[in-house]
Every structure is written in C-alpha cells, then in structure tokens.
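Peer 1: Can you read through this structure? Questions will come right after.
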Amino acid sequence: MGKVKVSQLFKVIICAVTLYTLGFDKIITLPGSSFVYEILIAAIGVLLALYVKNKTRSNMNLRMQCKALSNYLMIYLVIILIEMIYSVIAYGYNIVQLLIITRKYFYAFYSYPIVYIFTMDDDMYKFTKTIYWTSMFLLGIKFITWYLYNFKGMTVFSGLLFQYSEGWTRNGFMRMDTGALFGIVLCVTLYYCFVKKQLLYWLVLAFLYIYLIFVTQYRFQLIVTIVLTAYGYYCSTDSNRKKNVKLMAISFIIIAFVLFGGLDYILNLFSLNGMDGGSTAARLLTIDHYWSLIKEKNAILGVGFLSAYTNKAFSILRRSDTDRFWLEDLGILGGIFTFGILSLLLYGKLFFDSMKRTFASHRIRKIEGGDDCLKKCVVVYMILSCILLNIFDAQRMWCMPFYLSVIYFVQNSLKTQKQ
C-alpha cells in the first residue's frame, strides 16, 4: 500500500469541514453540541497551519507561497487576541465561553493547508473545483428542500430548512441562505463560462440566479452577483479591442437600465418607504445604537465580541424581549463596530494586498489561462459583498481561508517539491 500524501489528507479534511460548515450536519443529525465540533474544527485548522508553517523551512517554493499570507495572518492573529483579551475584561467571559464565541475566527488558518494543496498540485483549480462541486451539492439539496416545503407542503431536512428560524420568510416563502462559499462558487462559475466557455457552467449560472431570486431573496447579494457577472464578462479577455467592445455593451445596458427606471426600483428596495422598509429601518436603528455606544464609552477597540453569556454583554445586544441589535446585519460596519480602530488593519491590509497582488501585478506579468480573471472576480466579490455581508461574520467565516488562498497563491509557480 502506497504512502498517503499529506496533501491528499488535507483535501479529505477540508472537504469534510466544507460539508459540515455548509449544513450537512443539519441533514444527518450528529450527536453532541455543534460548539464542540466547531472548536475541534478550529483546533485542527491551527494544527494544520503549524504543520505547513514548519514545512516552509525545507521547501523554498512553499515558503515563498506562504510569505505574504503569513504576514497578513500574523496581523490577523494579533487583532483577534487583543479583542479576546478586551472582551474578557469588558464582559467577564470565562475561557470556555470565549472559545465558543471566537471559535470560527480560527477557520482562517485553513488557508495554510489550502495553499499547501495548491503548491503541491502547482494548480489552484483542481482542488477548488472539488470544493466547488461540494458546495453545489449542498445548494442542490437546499433548493429541493425549499421547493418541497413551499410548493408541496413537505418538510424534509428541517434542521437545514429552519436554520435561521421558521420566521425567516419573504413574499410568503420560506428563505434559505446560499452558504459561506457562494462567492467562490460564483467566481469559478464565471471563469468557466467566460474564459473556458463551457456550456455546463452557463446552466449552473442560471441555477445560481434562480436560487438568489427565489430561494434566498437577498436583494443586495443579487445586485452584487449581477455586477460581478458583468465584470467577469469584461475581464475575461486580454485583448484591449475586445474589452472596449464589451465595455460599450455593458455601458449600453446600464444606460438602458437607468432610463427605464431600474435605478429608481433599486433605490426603492432599500428605501424606508419601500416594500421592505422595515429591514432598512432596523439596520439604521442598529447603526445608531452601536455608534452611540462607542462614542459614549470612547471605545477605540470597538465593542469586542458580544454574546448572551453574560448580562453585561447581553444588555448591549438586547433590543427587546424577542429581538437583538444584530451586528451581522450591518456588513462591514458590524466589523468596524466590533474591532474599532483595529478594523483598519483587519480589512485595510487584506483589501490593499488583494488589490495590489491581483490588479497591479497584471501590469508587469501576464498570467496564462485566464487565472487573473478568477482572482479579480474573487477580489471584487469579496470587497463588494463585504459592504453588507461581512466576510468575518461567523456564518461566512469559512469563505476566508479560500479567499486568502486564492489571493496569496501565485499560479504558474516554480517547480513544486513533491512531498
């Protein structure tokens, strides 16, 4: 029997974690608390990161691939630790409570084993496609579950269906989310649609739009998806002439959209007087609540990690007997309220590195095979979606190791030292 490669073991672990974080645990009921599994997942991620970090000592190519990633994650770790200490002092959490609250922040360290896999394969597409189809498998199950409940009156996989409570509805339909890896799924789909021109992925793209419009019904995410689709179409070629033609076509569509009232319709969606004005009003009230709190307490480090574990923390979260001031509803503002001045480093360093490595580098080297199109789409989606879908929220944290890996990995690297 041949020796199992470390990269193959990493692939199995990461695929298993992906299934779990995307909701497979709500299809097959697992014994015990989800907190225990998630702390275990976080611990495994840290151990794998330490293993990869150690391997960089003997593998020059791996060391080069991990250098910029390590620089960011060192800053990231310091910020998380500072906020952990601050939260313990401010709210009196014990160690178990603190681990439960912050467990998913350590998911980011899975970027090390993912970069290791990319480096050993000397290719980021092979494993990314495995994760892609794993995510699509869960989206398919969610769609079937949603359809059976809303149109046939059948409840299957209730844990998955009512993940955010039975009251998460819009327009009379139960809603289900897209999962943490929707950004990666969308970007890979656009890459194979526009660069590789494969019909199968056009069908997948159509499915993603159907899912967003009818199942999730999240207006902002749909808008970001439309913008990214247009951008993916534009950047899928290196020919300036073709890009100019595509830009003209996109511009024509935008002008027609505005002239026929599309812009007014979008603005009305987010208006206080619109059909869903209550959602906008709740967000504005939440912004006012946390901004007033930060000004009152001069909280330069933000409000820290909030939970219902202590009365002091819960009094900040509590909006009424049945509702809370949800930081998750505020997107990147929620992250700024959480981390305070440290958010400048947390988001600023990541966004700066992303832009520099993806857009500036294209001017000095041509990446073959349209790899720059995928990276650009990932960066644009990550930044745009973060406006209202914070990439560091617990429900989306599993996207971070994949974003970091795609951004910091250099495709077409030197000959990989196979392990």
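Peer 1: If you check residue 256 against the conditions, is it within 30 Å of residue 198 (Cα to Cα) and small (Gly, Ala, Ser)?
Peer 2: yes
Peer 1: Confirm whether residue 213 is surrounded by fewer than 16 Cβ atoms within 10 Å (Cβ to Cβ) and of a type outside the set (Lys, Arg).
Peer 2: So residue 213 passes the test.
Peer 1: Out of 365, 357, which single residue is assigned to a helix (DSSP H, G or I) and modelled with pLDDT under 95?
Peer 2: Result: 357 is the single residue among 365, 357 that is assigned to a helix (DSSP H, G or I) and modelled with pLDDT under 95.
Peer 1: Continuing with this model, one more query. Could you list, in sequence order, the residues of segment 329-353 that are part of a helix (DSSP H, G or I) and either of a type in the set (Gly, Ala, Ser) or at pLDDT below 90 (or both)?
Peer 2: 329, 334, 335, 340, 343, 348
Peer 1: Taking the conditions exactly as written (within 25 Å of residue 112 (Cβ to Cβ), of a type in the set (S, T, N, Q), at pLDDT 95 or above and outside any loop (DSSP other than H, G, I, E, B)), does residue 134 satisfy them or not?
Peer 2: yes
Peer 1: Does residue 46 meet the test of being within 25 Å of residue 6 (Cα to Cα) and part of a helix (DSSP H, G or I)?
Peer 2: In short, yes.
Peer 1: Which condition does residue 149 not pass, out of (1) of a type outside the set (Lys, Arg); (2) buried (at least 19 other Cβ atoms within 10 Å of the Cβ); (3) within 30 Å of residue 358 (Cα to Cα), if it passes all the others?
Peer 2: The single condition residue 149 does not satisfy is (3).
Peer 1: Do the conditions hold for residue 241, that is, is it at pLDDT below 90 and either surrounded by 15 or more Cβ atoms within 10 Å (Cβ to Cβ) or in contact with a Leu (Cβ under 6 Å, 6 or more places away or on another chain) (or both)?
Peer 2: no
Peer 1: Let me ask you something else. Is it true that residue 155 is in a loop (DSSP other than H, G, I, E, B), at pLDDT below 90 and of a type in the set (Ser, Thr, Tyr)?
Peer 2: Criteria not met by residue 155.
Peer 1: For segment 41-55, what are the residues that are surrounded by fewer than 20 Cβ atoms within 10 Å (Cβ to Cβ) and over 25 Å from residue 339 (Cα atoms)?
Peer 2: The answer is 44, 47, 50, 51, 53, 54, 55.
Peer 1: Return the residues of segment 335-354 that are among the polar types (S, T, N, Q) and surrounded by fewer than 22 Cβ atoms within 10 Å (Cβ to Cβ); say none if nothing qualifies.
Peer 2: 343
Peer 1: Does residue 332 meet the test of being in contact (Cβ under 8 Å) with a residue 40 or more places away in the chain, at negative phi, in contact with a helix residue (DSSP H, G or I) (Cβ under 9 Å, 6 or more places away or on another chain) and surrounded by fewer than 11 Cβ atoms within 10 Å (Cβ to Cβ)?
Peer 2: When the stated conditions are applied, residue 332 does not pass them.
Peer 1: Another question, then. If I filter segment 158-166 for residues that are more than 30 Å from residue 410 (Cβ to Cβ), part of a helix (DSSP H, G or I), touching a Ser or Thr at 6+ places or on another chain (Cβ under 6 Å) and without any contact (Cβ under 8 Å) to a residue 24 or more places away in the chain, do I get at least one hit?
Peer 2: yes
Peer 1: Out of the residues in segment 2-43 that are part of a loop (DSSP other than H, G, I, E, B) and within 21 Å of the chain's Cα centre (by Cα), state the one that is farthest from residue 155 (Cα to Cα).
Peer 2: Checking each candidate, the answer is 22.
Peer 1: Could I ask something else about it? Residue 281 - would you say it is touching a residue at least 24 places away in the same chain (Cβ under 8 Å) and within 30 Å of residue 317 (Cα to Cα)?
Peer 2: Answer is no for this residue.
Peer 1: Of 222, 212, 181, which residue is in contact (Cβ under 8 Å) with a residue 60 or more places away in the chain and not small (Gly, Ala, Ser)?
Peer 2: 181
The values are calculated or read from the model by the stated rules, or taken from the named source; none is laboratory data. Since we're looking at a predicted model, the values are computed, not measured. Methodologically, a virtual Cβ is constructed for each residue, glycine included, from the backbone with ideal geometry; neighbour enumeration extends over all protein chains shown.
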